[in-house]
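Encoded as structure tokens, the structure appears first; notes follow it.
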Amino acid sequence: YWLRRLESVTQDSSHALRQICALQHVLSEALTHAEASSREHGWLRRACALLENDECEYSQESPLHFAARSLNMSYESFRKKFTQLAGTSPNAYRQARLMDKACELVYEGKSNKEVAAQLGFCDEFHFSRQFKRVTGFSPAELRRKLPRGEE
């Protein structure tokens with residue numbers, strides 16, 4: 001898009017001053033767009049950090065509502081903006097990060113019961129079902145696939 005805009009300025013055979021003004025206008029728009037994009041990426045980084053933060057576990061509200069409130073937004077506005085910028089819902093993002101942590105804990109040799117307790121699942125069976133739903137295999141299958149350490 002920006003290349004086409006710049007090419008249109010250079011192809012204009014009108015007065016040089018008009019070309020300079022048009023170039024300044026295009027560069028100004030590009031800079032404004034870059035600043036807005038940078039702000040959006042900063043917002044998304046902060047939202048992701050809030051969703052990954054264990055601090056929200058100590059709150060009485062859900063982690064998703066905690067993140068929205070921390071960003072001074074309604075949950076619906078937060079959900080829509082997060083989905084637009086991240087390409088996935090905040091809940092799906094949080095579940096994926098939880099399963100990343102679960103994989104690390106399984107790799108460390110923790111039992112399903114220990115992983116479930118550490119990550120806030122109601123029991124090891126619920127954890128195992130969620131793990132399989134998200135990853136496509138059970139924690140036991142992951143353990144079988146892990147290389148055996150020979151220390």
**Message:** For the stretch 33-53, check the following and say yes or no: at least one residue is at pLDDT below 90, of a type in the set (S, T, N, Q), assigned to a helix (DSSP H, G or I) and out of contact with any Lys or Arg (no Cβ under 9 Å at 6 or more places or on another chain).
**Reply:** yes
**Which numbered condition Ser138 fails, given (1) at positive phi; (2) more than 19 Å from the chain's Cα centre (by Cα)** = (1)
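Quick grid of which residues meet (1) more than 19 Å from Leu64 (Cα to Cα); (2) in a helix (DSSP H, G or I):
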| residue | (1), (2) |
| --- | --- |
| Phe82 | no, yes |
| Asn91 | no, yes |
| Gln95 | no, yes |
| Lys101 | no, yes |
| Phe121 | no, no |
| Arg129 | yes, yes |
| Pro147 | yes, no |
**Filtered residues of the stretch 74-107 (kept if under 26 Å from Ser38 (Cα atoms), open to solvent by less than 60 Å² (accessible area, probe 1.4 Å) and small (Gly, Ala, Ser))** = Ser77, Ala86, Ser89, Ala92, Ala96
**Asked** So Lys110 clears everything in (1) farther than 24 Å from Gly42 by Cβ; (2) open to solvent by 60 Å² or more (accessible area, probe 1.4 Å); (3) in a helix (DSSP H, G or I); (4) touching a helix residue (DSSP H, G or I) at 6+ places or on another chain (Cβ under 8 Å) except one condition, right? Which one?
**Response** (3)
**Message:** I'm told Ala116 meets every condition in (1) in a helix (DSSP H, G or I); (2) open to solvent by less than 50 Å² (accessible area, probe 1.4 Å); (3) at pLDDT below 90 except one. Can you identify the failing condition by its number?
**Reply:** (3)
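The values are calculated or read from the model by the stated rules, or taken from the named source; none is laboratory data. Since this is a predicted model, take the numbers as computed values, not measurements. Cβ coordinates were reconstructed from backbone atoms using ideal geometry, including for glycine residues, and neighbour counts include every protein chain displayed. What goes into the accessible areas is simple: the full protein's heavy atoms, side chains included, and nothing from ligands, DNA or RNA. Shrake-Rupley method; radii C 1.70, N 1.55, O 1.52, S 1.80 Å.
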